[in-house]
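What follows is one structure encoded as structure tokens, with my remarks underneath.
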Amino acid sequence: MNKITNHLPTAELQALDAAHHMHPFTANAELAAKGARVIKSASGVWLTDSDGNRYLDAMAGLWCVNLGYGRHELAEVAAAQMRELPYYNTFFQTTHVPAIALAERLAELAPGDLNHVFFAAGGSEANDTNIRLVRTYWAAQGKPEKQVIISRKNAYHGSSMGSASLGGMTYMHEQGAMPIPGIVHIDQPHWWAEGGDMSPEEFGIARARQLAEKIDEIGEDKVAAFIAEPIQGAGGVIVPPDSYWPEVKRILAERDILFIADEVICGFGRTGNWFGSQTLDLQPDIMTIAKGLSSGYQPIGGSIVSDRVAEGLSRTEFNHGYTYSGHPVASAVALENLRILDEEGIVERVGTDTAPYLAERWATLAEHPLVGEARICGMMGSLALTPDKAARAPFAKVGEAGMAVREACFANGLVMRAVGDRMIISPPLIISRDEIDLLIARATMALDDGQ
Ligand code: PLP
């Protein structure tokens with residue numbers, strides 16, 4: 001019988017973990033030397049590890065626990081749904097109430113005519129759906145040559161072959177023969193690192209125009225779609241210059257290609273509206289969703305599709321689907337999560353109160369000698385660490401400063417993530433003003449310690 005419980009000593013849990021558990025995105029040599037941090041329980045914005053240390057989780061897990069930890073209503077809904085109908089598929093002309101109810105609610109929340117939902121178990125699966133969906137859509141319109149998808153360097157769209165190919169992380173492409181054919185990448189709107197002598201506004205326009213140039217180079221008749229996160233998250237919370245998105249919108253409006261907004265991080269309140277597309281005034285043809293959809297309490301994701309695209313596919317059998325598409329327990333939990341986010345006014349409070357307060361406090365970190373820029377949109381923010389603010393210079397050994405500050409955060413009871421030398425946050429949306437003060441105080445201590 002398996003005797004592994006929360007009560008085993010940390011060292012024993014770490015040894016068992018090292019012996020049997022393969023971790024995603026983890027430096028294995030470092031893990032073997034230090035052992036994994038064992039997280040035991042959580043409540044609100046607080047995590048507790050197996051030694052009883054408490055951390056303010058400024059990452060909401062992996063950008064997903066929007067509602068915060070410990071909401072028992074979600075556990076109760078999951079248990080009730082498991083008793084009534086733990087599983088049934090949505091293939092072959094069948095459906096069930098949780099999937100219907102969640103799809104209807106998402107159609108209500110999503111902007112414009114995004115009224116149709118194709119479910120998946122997470123964001124990677126949903127983006128794989130999107131690759132096949134846009135290509136199948138154009139084929140169904142009699143334009144099978146419209147196949148190429150344009151994405152951006154340093155974007156993150158998932159870890160499967162398709163979604164990682166959409167992503168612009170070269171260190172991922174190097175493992176496993178990616179990108180798959182028909183996916184090309186343009187530059188990201190990352191002014192601080194790549195803007196040179198241009199003003200942010202000039203740079204935003206220049207980067208947006210790369211989209212037009214790329215479409216013209218390939219030929220509009222061969223391009224199926226452009227995919228982008230409204231704000232790049234895992235790339236380092238790259239908040240684009242204000243000029244970027246209006247110019248991209250203008251370019252897209254003149255060309256007949258589909259726009260996929262990857263809302264896996266930006267969705268469900270993170271930017272102060274239900275979707276990042278609303279904050280940035282975008283009207284996508286498809287939105288990728290996951291993470292905050294269930295606040296991470298159940299694995300679920302999907303694609304929300306416009307009337308035009310759904311109608312274009314309606315006479316075709318789309319030979320695609322996942323065993324867990326519209327999983328009843330995950331759907332019921334997601335629906336309850338959306339109910340709470342709405343009825344407790346959490347999304348509204350982020351937009352009108354806590355995000356503006358966090359922005360004000362976050363900006364003060366730019367005065368720290370180690371910080372070159374402090375950017376934020378809603379509840380997602382980043383700090384660029386630099387040895388020379390005026391020159392916007394990178395460190396000679398990229399990633400070392402970020403790692404030092406990240407470790408100093410843990411020592412100060414704060415979870416912040418490092419992407420190279422960018423420190424990033426994405427706290428639960430229920431974070432209070434007092435907890436924001438604590439986050440800033442601990443981040444300042446960590447920056448001091450990490451210097
Ligand atoms: N898209 C974006 C923007 C993401 O940030 C992520 C995950 O971090 C994904 C897609 C992939 O989602 P998942 O890890 O649920 O497959």
Those residues of the stretch 398-435 which are on the phi > 0 side of the Ramachandran plot and open to solvent by 30 Å² or more (accessible area, probe 1.4 Å) amount to GLY420
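Anything in the stretch 12-64 that is touching a strand residue (DSSP E or B) at 6+ places or on another chain (Cβ under 8 Å) and over 27 Å from ILE440 (Cα atoms)? List them, or say none.
Correct list: empty.
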Do we have any residue at all in the stretch 279-292 that's within 16 Å of the ligand (Cβ to nearest atom), farther than 15 Å from SER151 by Cα and among the β-branched types (Val, Ile, Thr)? yes
Residue in the stretch 122-139 that is within 23 Å of ARG83 (Cα to Cα), touching a residue at least 12 places away in the same chain (Cβ under 8 Å) and not charged (D, E, K, R) present: no
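Every residue, every condition in (1) in contact with an Asp or Glu (Cβ under 6 Å, 6 or more places away or on another chain); (2) under 26 Å from GLY267 (Cα atoms), yes or no:
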site	(1), (2)
ILE180	no, no
VAL184	no, yes
MET198	no, no
ILE205	yes, yes
GLU217	no, no
ALA228	no, yes
From the list LEU74, LEU67, LEU102, LEU106, exactly one residue is away from the ligand (no atom under 16 Å from the Cβ), in a loop (DSSP other than H, G, I, E, B) and among the hydrophobic types (A, V, I, L, M, F, W, C). Which is it? LEU67
Would a scan of the stretch 346-357 turn up a residue that is over 21 Å from the mean Cα position of the chain (by Cα) and farther than 26 Å from GLY233 by Cα? no
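One line per residue, one yes/no per condition, for (1) in contact (Cβ under 8 Å) with a residue 40 or more places away in the chain; (2) over 30 Å from ASP437 (Cα atoms):
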position	(1), (2)
ASN2	no, yes
LEU13	no, yes
GLY52	no, no
GLY68	yes, no
ARG71	yes, no
ARG83	no, yes
GLN93	no, yes
HIS96	yes, yes
Tell me, please, whether a residue that is under 27 Å from ALA332 (Cα atoms), hydrophobic (A, V, I, L, M, F, W, C) and within 16 Å of the ligand (Cβ to nearest atom) can be found in the stretch 151-167. no
Of the residues in the stretch 115-146, those that are of a type outside the set (A, V, I, L, M) and under 16 Å from MET161 (Cβ atoms) number 10
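Does TYR137 fit the bill of being within 27 Å of ALA212 (Cβ to Cβ), surrounded by 13 or more Cβ atoms within 10 Å (Cβ to Cβ) and within 16 Å of the ligand (Cβ to nearest atom)? Please lay out each step first, then the result.
Working: within 27 Å of ALA212 (Cβ to Cβ): yes; surrounded by 13 or more Cβ atoms within 10 Å (Cβ to Cβ): yes; within 16 Å of the ligand (Cβ to nearest atom): no.
For TYR137, the condition - within 27 Å of ALA212 (Cβ to Cβ), surrounded by 13 or more Cβ atoms within 10 Å (Cβ to Cβ) and within 16 Å of the ligand (Cβ to nearest atom) - is not met.
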Go through (1) within 22 Å of the chain's Cα centre (by Cα); (2) within 20 Å of GLY236 (Cβ to Cβ); (3) of a type in the set (A, V, I, L, M, F, W, C) one by one and return the number of the condition LEU429 breaks. (2)
Which of the numbered conditions does GLU104 fail, given that it passes all the others? Conditions: (1) over 30 Å from THR279 (Cβ atoms); (2) open to solvent by 50 Å² or more (accessible area, probe 1.4 Å). (1)
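The values are calculated or read from the model by the stated rules, or taken from the named source; none is laboratory data. This one's a predicted model, so the numbers in the text were calculated from it and none came from an experiment. Every residue, glycine as well, gets a Cβ built from its backbone with ideal geometry; the counts of neighbours run over all protein chains shown. Just the protein is used for accessible areas: all its heavy atoms, side chains included, with ligands, DNA and RNA removed. Shrake-Rupley method; radii C 1.70, N 1.55, O 1.52, S 1.80 Å.
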